[in-house]
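Here is the structure we will look at, set down as structure tokens.
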Amino acid sequence: MAKTEKSKAELYREERKQRISNAAKKNAKRNKRHPNAGRVIGRVIGIVLIAAIVCGACFFVLKSTGVFARSQTAFTVGSHKISVAEYGYMYYMQYQNTASRAQQSEQQYGYNMYGFDYKKSPEDQDSPTADDDGNPVKWSDQLVEDTVEYMQEFYTLYDNAVAAGYKINDEEKADIDKQIESMRDNAAGKNSTQANSISMSLNSYLKAYYGEGVTESFMRKLMEKEMVVQRFSEDKQKEFEDKYTDEALDAEYKKDTTEYDVIDFRMYTFEPETLEAKEGESAEALQKRQDAENAKAMEKAEALLAKVTDEASFTKEAEVYIHADEETEDTSAAADETAQAAEEADDATAEAADDRAAEDAEAADDTAAEETADAAETAEAEDTHEHDHDSTTKAYGTAKNQLTSISEDAAKWAYDASRKAGDKKAFADANGKAYAMYIVNPAHPQPTVDVRHILFMTIDTETQEKLPDEEIAAKKEQAEKLLADWNARDEKDKTEEAFGELATAQTEDTGSKENGGLYENVTPGQMVDAFDKWIFDDSRKEGDVEIVESEYGFHVMYYVGNKNFAYRNTLRTTHTQDDYSSWLEAELKKDSVKVNRNAAGMDKGYARAYKLINATVQSINAQSSAS
């Protein structure tokens, strides 16, 4: 029997290739117009530490100078000797990355998608990875492999950069100086909000935060290498990217346009009731009744389409069914609440054994009556609530694979070359759901544009409720003043770069603030309606600046332009990351970057890292208990 399971080595190579591809894809999206905007130092320095470390770090200042940690070797990558200090530092950074992602996942999505508990030591938890025998690998061991792997990739890129003549430049030196001075200020307590902050030398501060052997000189050297690697990596990817001209990508696109095209359509779904077998009913009889119920859903879909003549009439007819569904849901909810209240009243009455119990039952009856009234009032309020019925049926920019997941028949019909705007048809899936579908815009390449904006928010970011009227008026005044000041500028000062500087200073959109308010390769329907309509207006010109109001606030818009097609971005990015990944994979196989481990040295680096990690975990848990 042929072996079908992949070996650990094969899985390892696939994981590494995927990670390299992801890194390449991320770098490929960097700002092409302003490559220095928002530049970060990356894994070496640009990692945001968990807040708990700031509170707990002063307990871990080490007395040693760290000379031995910097001179002892943990492992080598080709001719590069990775010291105990550098390995311990990088291991700690890998831990920080993993813990930060897990923490952010919980905060943003409400659950941890990484399988890492940041409130536990990596030594006390299993990772999602399994060994050859199927046993889970401890996170502490997984981080060892992640660290070694990262450093092999890092020094492979560094060697290539040096061979290509790359050196640290003046701008990068200035960036490093700024980072170091910021650390020096932190060490001196200048940025602390605590009354009893401790002042220390920079080297003492670095030992406390990053472990023995980490000094200013150590950090500068590492940061210089990181800067060179970052620039070389970006340039290498640009080299691959430039091979793919628009003409070449257009030719590839035309070979199978349906793989990249999207369609705009309206759809409403009719869900039949799922029936249950009656007592003594056979499976065949139940299926017959269910088929009849499913047929009713299809009849409704066809009846809706019979009244449709254009997009507006589709939304109007669908709204009738939407209201009916809402009324059914409200009635059902009110009935459930009434039944629950009545049941509670019955329970209280049944327990009445004396006058006091009887009084309690009477009170329960009153409560039940009040809850019934509240339920009815809630249902009535929901009846009159304004729902976004337009978005219920709107499906713009839908790719074929997305539509296929709903209905293969619908996808095949919608992407037929003969399809035109105004075509309509009803479909049913295997579960009996019926879909009424109306084509607004048949298969077409999805356009993209670039835009900048400065947002003055009119909602509370925590509650998502509107701000008081006086605050909204003040936000509007801010937006109008900014626009007036912009219009008063000389034409030579109305540049995209100048607008970007204003956005970084004033916008309340945290998603684009550090990038000068820039959103690149925006597709139709990606942004809120008002924003979307403005940027895709046929009359829009490069350099247009206007105020647009949305449900989020007042946007001072700057139209960058750069009209393109999404398929070009998709193909160019895919080919670039594939080429870069293949190139790096080949480089990593060379003997010149082979890894040789020194178990004793790695154990020392590991131990140094865990002094910080265990203290960090303790501090996080202490803060959680206090809160």
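The values are calculated or read from the model by the stated rules, or taken from the named source; none is laboratory data. Owing to the predicted nature of the structure, the values given are computational and were not obtained by experimental measurement. Glycine also receives a Cβ, built like all others from the backbone with ideal geometry; neighbour counts cover every protein chain displayed. Each accessible area value is taken on the protein alone, full model and side chains, heavy atoms only, with ligands, DNA and RNA left out. Shrake-Rupley method; radii C 1.70, N 1.55, O 1.52, S 1.80 Å.
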Sole residue being more than 29 Å from the chain's Cα centre (by Cα), in contact (Cβ under 8 Å) with a residue 60 or more places away in the chain and surrounded by 20 or more Cβ atoms within 10 Å (Cβ to Cβ), chosen from Val617, Val593: Val593
Listing of helices (runs of 4 or more DSSP H) fully contained in region 446-557 that carry 3 or more residues being open to solvent by 60 Å² or more (accessible area, probe 1.4 Å): 469-487, 496-506
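Among the candidates Lys424, Lys433, Lys412, single out the residue that is of a type outside the set (Val, Ile, Thr) and touching a Leu at 6+ places or on another chain (Cβ under 7 Å). Steps first, please.
Values: Lys433 fails: touching a Leu at 6+ places or on another chain (Cβ under 7 Å); Lys412 fails: touching a Leu at 6+ places or on another chain (Cβ under 7 Å).
On inspection, the qualifying residue turns out to be Lys424.
Being in a strand (DSSP E or B) and surrounded by 19 or more Cβ atoms within 10 Å (Cβ to Cβ) is the filter here; which residues of region 426-442 pass it?
Correct list: Ala426, Phe427, Ala428, Ala434, Tyr435, Ala436, Met437, Tyr438, Ile439, Pro442.
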Filtered residue count, region 253-295, keeping only those that are within 32 Å of the chain's Cα centre (by Cα), within 30 Å of Lys316 (Cβ to Cβ) and among the β-branched types (Val, Ile, Thr): 3
One residue from Asp159, Asp177 being modelled with pLDDT of 95 or more and open to solvent by 60 Å² or more (accessible area, probe 1.4 Å): Asp177
Qualifying position, being surrounded by 13 or more Cβ atoms within 10 Å (Cβ to Cβ), at pLDDT below 95, aliphatic (A, V, I, L, M) and not in a loop (DSSP other than H, G, I, E, B), among Met200, Met183, Met223: Met183
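Which one is farthest from Ile472 (Cα to Cα) among residues in region 523-548 that are of a type in the set (Val, Ile, Thr) and modelled with pLDDT under 95?
First, pick out the residues of region 523-548 that are of a type in the set (Val, Ile, Thr): 523, 528, 535, 545, 547-548.
Pick out the ones that are also modelled with pLDDT under 95 and you get 523, 528.
Numbers: Thr523: 29, Val528: 19 Å.
Within region 523-548, the match that is farthest from Ile472 (Cα to Cα) is Thr523.
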Single unsatisfied condition, Asp423 versus (1) within 30 Å of Phe565 (Cβ to Cβ); (2) surrounded by fewer than 14 Cβ atoms within 10 Å (Cβ to Cβ); (3) at pLDDT 95 or above: (2)
All positions within region 516-548 that are in contact (Cβ under 8 Å) with a residue 24 or more places away in the chain, farther than 23 Å from Tyr253 by Cβ and of a type in the set (Asp, Glu): Glu546
Test for Ala295: is it assigned to a helix (DSSP H, G or I) and farther than 30 Å from Thr523 by Cα: yes
Which numbered condition Glu172 misses (of (1) out of contact with any helix residue (DSSP H, G or I) (no Cβ under 7 Å at 6 or more places or on another chain); (2) among the charged types (D, E, K, R); (3) more than 26 Å from Val617 (Cα to Cα); (4) free of Cβ contacts under 8 Å to residues at least 60 places away in the same chain): (1)
Per-region count, region 106-150, residues more than 24 Å from Asn598 (Cβ to Cβ), among the hydrophobic types (A, V, I, L, M, F, W, C) and surrounded by 14 or more Cβ atoms within 10 Å (Cβ to Cβ): 1
